[in-house]
Every structure is written in structure tokens, then in C-alpha cells.
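Chemist: Structure below; questions to follow.
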Amino acid sequence: MTLQIKLILAAIITALAFSAGWVVKGWQASKTIAELRAEQSQGQATRAEAARADETETAIKESKHAQDTIYNADRLANLKTGIDVDVRAELARAERLHRDTDSRAATYRAQAQADAAARSDLADKAAALDRQLAQGLGVVASLGGDLRRRDAEVAALCGQVNIERRLSGDDSDQACSER
């Protein structure tokens with residue numbers, strides 16, 4: 001064989017080897033692309049499952065939060081209704097006492113006039129104290145109702161703080177104990 005034929009054959013063999021290498025590299029690249037696509041699909045599936053689990057957990061927390069808030073609001077409304085009934089009863093008692101002050105004052109005056117003119121001053125003082133007592137009972141009843149309403153609102157707000165903390169997943173740090 002001549003040198004020229006040998007060179008041509010060497011060139012052909014080199015070209016064939018290069019082509020074969022090129023084809024093998026193409027197969028390897030296709031395999032790598034397929035593996036990357038499979039890995040990417042698996043990652044997307046994992047993220048989608050995590051997102052679904054997170055959405056489910058959030059929905060459960062939101063539902064529990066709504067139930068707790070409704071319960072707390074109902075409890076406050078019931079407490080306020082009971083307090084209002086008690087306050088009305090105490091105010092009615094104070095009003096009855098206040099209406100009777102006039103008859104008691106007349107009795108005191110009659111006794112004082114029968115005893116002596118010096119005791120009239122004592123009767124006036126007793127009547128004034130009696131009126132002040134009746135008015136004071138009304139004030140005490142009103143303030144007592146305000147205090148119980150305030151206590152109920154504070155307890156409800158405290159309960160709401162605990163509800164909000166449970167929503168954020170912090171059950172360990174309660175603002176106050178539930179009653």
C-alpha cells in the first residue's frame with residue numbers, strides 16, 4: 001500500500017473513531033438529560049406534596065382558630081348577659097330602697113319631734129345617711145357590674161391571646177389560664 005492510501009485509511013479510521021465517540025457522547029448526554037429530568041420531576045413532586053401538606057395543616061389550624069374564636073365570643077356574650085341580669089336586679093333593689101327613703105325619713109322626723117327639737121337634727125342626719133346609703137348601693141351595684149363586665153372582657157381577651165398563640169403553634173406560653 002502506498003503512503004497516500006495509508007493516510008486516507010488512517011483519516012477514515014480517525015473519522016470513524018471520532019464519529020463513534022461523538023455518538024457515545026450523544027448517548028451519554030441523552031442519559032444525563034433523562035436523569036436530570038427525572039430528578040427535576042421528583043423534586044417537583046416532593047415540593048407539591050409538601051405544599052399540599054402545608055395547606056392541609058394551615059386549613060386545620062384556621063378551622064380550629066375559628067372554632068375557638070366563636071366559642072370565646074359566645075362565652076363572653078353569656079357572661080355579659082348573666083352580669084347584666086345581676087346588675088338589673090341589684091339596681092331594682094337599690095331603687096326600692098330609694099323609694100322607701102321618704103317614708104323612713106318621715107318616721108325619723110316624727111320620732112324626733114316627739115322626743116325633742118334637739119333630735120330633729122339627728123333625724124335629718126339619719127335621713128341624709130339613709131339617702132346616701134341608697135344612692136351608694138346603686139353606685140356599688142353599677143360599679144360591681146362594670147367590674148364584672150371588665151373582668152369578663154379581660155378573661156375573653158386573655159383567652160383570645162391564647163387562641164392566637166395556638167394558631168402560631170406556641171402552646172407552651174399561655175397569656176393566662178383558661179377558666
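The values are calculated or read from the model by the stated rules, or taken from the named source; none is laboratory data. Not measured: the values here are computed from a predicted model. Cβ atoms come from the backbone with ideal geometry, glycine included; neighbour counts cover every protein chain shown. For accessibility, only protein heavy atoms count, side chains too; no ligands or nucleic acids. Shrake-Rupley method; radii C 1.70, N 1.55, O 1.52, S 1.80 Å.
Chemist: What net charge is computed for the residues neighbouring residue 100, neighbours being all others with C-beta under 12 Å from the C-beta of residue 100, Lys and Arg scored +1, Asp and Glu -1?
Modeler: Net charge around residue 100: +2.
Chemist: If I model a spin label as a point 7 Å beyond the Cα along the Cα-Cβ vector, how far apart are those points for residue 16 and residue 49 in nm?
Modeler: That separation, rounded to one decimal, is 5.0 nm.
Chemist: Once Lys and Arg get +1 and Asp and Glu get -1 on their Cβ, which of 135, 46, 21 lies farthest toward the positive end of the dipole of the chain?
Modeler: 21
Chemist: Sum up the charges of everything whose Cβ sits under 15 Å from the Cβ of residue 138, counting Lys and Arg as +1 and Asp and Glu as -1, but leave residue 138 out.
Modeler: Charge balance in the 15 Å sphere: -1.
Chemist: Which percent of Cα pairs goes in each bin when the distances of the chain are cut into 10 angstrom slices starting at zero?
Modeler: All Cα pairs, binned at 10 Å, distribute as 8, 15, 12, 11, 10, 9, 7, 6, 5, 5, 4, 3, 3, 2, 1, 1, 0 percent.
Chemist: Further question on the same structure: Hey, got the dipole for the chain? About the Cα centre, +1 on K and R Cβ, -1 on D and E Cβ, debye to the nearest 20?
Modeler: 600 debye
Chemist: What list of ³J(HN,Hα) couplings, whole Hz, do you get for the range 93-107 from phi and the Karplus terms 6.51, -1.76, 1.60, once you set θ to phi - 60° and write x for glycine and proline?
Modeler: In residue order, the calculated couplings are 4, 4, 5, 4, 4, 5, 5, 7, 4, 5, 5, 5, 4, 5, 5 Hz.
Chemist: If the cut-off is a Cα-Cα distance under 29 Å, which lysines reach residue 61, setting aside same-chain residues fewer than 8 apart in sequence?
Modeler: Hits, sequence-local ones excluded: 80.
Chemist: Per residue and in cubic angstrom, what volume does the convex hull of the Cα atoms of the range 1-63 have?
Modeler: Spread over its residues, the Cα hull of the range 1-63 gives 35 Å³ apiece.
Chemist: Then there is this: Ignoring any ligand, DNA or RNA, what whole percent of the accessible area of the chain comes from carbon and sulfur when the probe is 1.4 angstrom?
Modeler: 61 percent
Chemist: I would also like to ask the following. Measuring from label point to label point, each 7 Å out along Cα→Cβ, what is the residue 36 to residue 125 span in nm?
Modeler: 10.5 nm
Chemist: If I take R0 = 41 Å and measure r between the Cβ atoms of residue 109 and residue 88 in this structure, what FRET efficiency does the formula 1/(1 + (r/R0)^6) give, to the nearest 0.05?
Modeler: Calculated transfer efficiency: 0.80.
Chemist: Mind checking the dipole of the range 17-112: about its Cα centre, +1 per Lys or Arg Cβ, -1 per Asp or Glu Cβ, Debye to the nearest 20?
Modeler: Dipole magnitude for the range 17-112 comes out near 100 debye.
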